[in-house]
Amino acid sequence: MAKVQLEALQPLLDVEDSAKRAYETARDNAVAGEWALHDVVLGIKQQVVSQYGDDSNQAQAVGLKKKSERKTSARKPKA
């Protein structure tokens, strides 16, 4: 009796395993694509800074803060 149930269950488990592997492969491909896009955007930002400077309106347009708008660090007074 138990052998018959196991034989009926095995194909279902095989389908589940193959679906899980397909999902994991698709997820890995999606994550790799996201990282590739992220690297491209970082490269674009570096290119804008190198072409126009780090205090330009173009650098601000791509989401960077202008150098002149950065807060300078305050020195701690001597004790």
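Among the residues of the stretch 60-76, how many are of a type in the set (A, V, I, L, M) and surrounded by fewer than 10 Cβ atoms within 10 Å (Cβ to Cβ)? Number of matching residues: 1.
Looking at the stretch 31-48, can you tell me whether even one residue there is without any contact (Cβ under 8 Å) to a residue 40 or more places away in the chain, touching a helix residue (DSSP H, G or I) at 6+ places or on another chain (Cβ under 8 Å), at positive phi and surrounded by 10 or more Cβ atoms within 10 Å (Cβ to Cβ)? Taking every residue of the stretch 31-48 in turn, none turns out to be without any contact (Cβ under 8 Å) to a residue 40 or more places away in the chain, touching a helix residue (DSSP H, G or I) at 6+ places or on another chain (Cβ under 8 Å), at positive phi and surrounded by 10 or more Cβ atoms within 10 Å (Cβ to Cβ). The residue that is nearest to VAL49 (Cα to Cα), counting only those in the stretch 61-79 that are more than 29 Å from the chain's Cα centre (by Cα) and of a type outside the set (Val, Ile, Thr), is SER68.
Each value in this text was obtained by applying a stated rule to the coordinates, not by laboratory testing. All values reported here derive from a predicted model rather than from experimental measurement. Don't worry about glycine lacking a Cβ; one is built from the backbone with ideal geometry, like all the others, and counts go over all protein chains shown.
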